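The numbers here are math on the coordinates, done by the rules we state, and not lab data. Here the structure is a predicted model, which means the values were calculated and not measured. We place every Cβ from the backbone using ideal geometry, glycine too, and count neighbours over all the protein chains shown.
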Amino acid sequence: MSRHARAFWLATPGRGEIRPVLLPTPNADEVLVRTRYSGVSRGTETLVFTGGVPSGQHAAMRAPFQEGDFPAPVKYGYLSVGVVEEGPTDLRGRTVFCLHPHQTAYVVPARAVVVVPEQVPAARAVLAGTVETAVNALWDEPPLVGDRVTVVGAGMVGAAVAALLARFPGVRVQLVDVDPTRAALAGALGVGFAPPAAAAAGRDLVVHASATAAGLRRCLELVAPEGTVLELSWYGDREVALPLGAQFHTGRLTLRSSQVGRVAPARRSRRSHADRLTLALELLADPVFDALLTGESRFADLPDLLPRLADRRLPALCHLITYDGE
């Protein structure tokens with residue numbers, strides 16, 4: 001096959017471009033993957049696209065196989081699905097997921113790819129990284145049977161968490177968002193919906209994924225005394241002011257961060273990153289997750305697509321990138 005590929009790069013904050021790549025010949029322990037789909041996570045990737053990664057977080061926010069450095073030029077992304085064209089016999093011809101930037105083909109260590117189960121469509125498999133984040137969150141703060149749980153922020157991560165919570169026995173879930181059109185998403189996931197002002201209070205667990213100060217403040221209002229707010233948002237270089245007097249103090253509330261970079265402490269001694277990603281792919285056999293795929297564009301259109309996602313001219317959860325003919 002051709003050793004030439006193309007990759008999407010952020011040239012300067014707010015401007016992307018397609019660049020040529022010359023692929024190396026894979027070693028015995030490497031695979032060459034021809035990409036079929038990748039996904040754009042509007043939250044993190046548009047923050048990167050606009051140059052919003054704080055200088056103190058440049059090292060922590062590096063993605064696997066990222067090239068370049070923040071703010072730019074940088075090759076960034078982490079939701080890629082393709083077919084192994086060269087590599088170990090047991091992987092050749094298999095559809096795999098990899099935490100790789102947007103690129104038409106790439107060579108990575110064989111251990112960096114996870115085989116997509118046959119019952120999971122390749123397009124849906126791009127959500128593996130997001131569902132992995134949701135799995136880690138619920139390892140950090142699992143609900144109890146019969147809990148009342150609210151998820152504030154119906155983006156990719158919030159929706160994935162809500163979808164998993166809806167499958168816990170007896171757990172009643174409400175998805176909260178300022179966008180009333182997200183009610184249809186909540187219905188597809190099998191959970192309730194409310195705008196922030198009408199959200200139910202007295203919740204045993206509140207998960208925050210809106211990446212807004214207003215959303216986090218509302219979470220503190222909704223959680224029951226001695227309950228937990230699990231923070232999944234990443235704010236980039238923005239500071240957040242919170243009312244930590246009144247009911248936060250007297251209610252003995254817990255505000256806890258969850259981040260996917262490390263396996264949650266509750267499972268760290270028994271589960272690896274690969275185990276967690278494999279579980280996420282198995283969970284994606286449920287077609288309910290198709291509700292998170294909200295648009296589709298060709299790889300060549302990425303330089304024009306990212307500005308529209310970043311300024312919200314194009315609403316999306318996970319925007320699917322196709323590579324047919326690339």
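Some points to look at:
- Anisotropy class of the range 47-180 from Cα gyration tensor, a/c 1.5 cut: oblate
- For peptides 207-217, 31-41, 124-134, sequence by mean Cβ density within 10 Å, most packed first: 124-134, 31-41, 207-217
- The chain: Rg to Rh, with Rh as the Kirkwood radius over Cα pairs: 0.97
- Judged by the mean number of other Cβ atoms found within 10 Å, the most tightly packed of the peptides 60-68, 193-201 leads the ranking 60-68, 193-201.
- Sequentially through the range 60-66, phi angles give Karplus couplings (6.51, -1.76, 1.60; θ = phi - 60°) of 5, 8, 5, 8, x, 6, 5 Hz, Gly and Pro residues having no value and appearing as x.
- In this label model, HIS273 and ARG15 are separated by 3.3 nm, measuring between points 7 Å along each Cα→Cβ vector.
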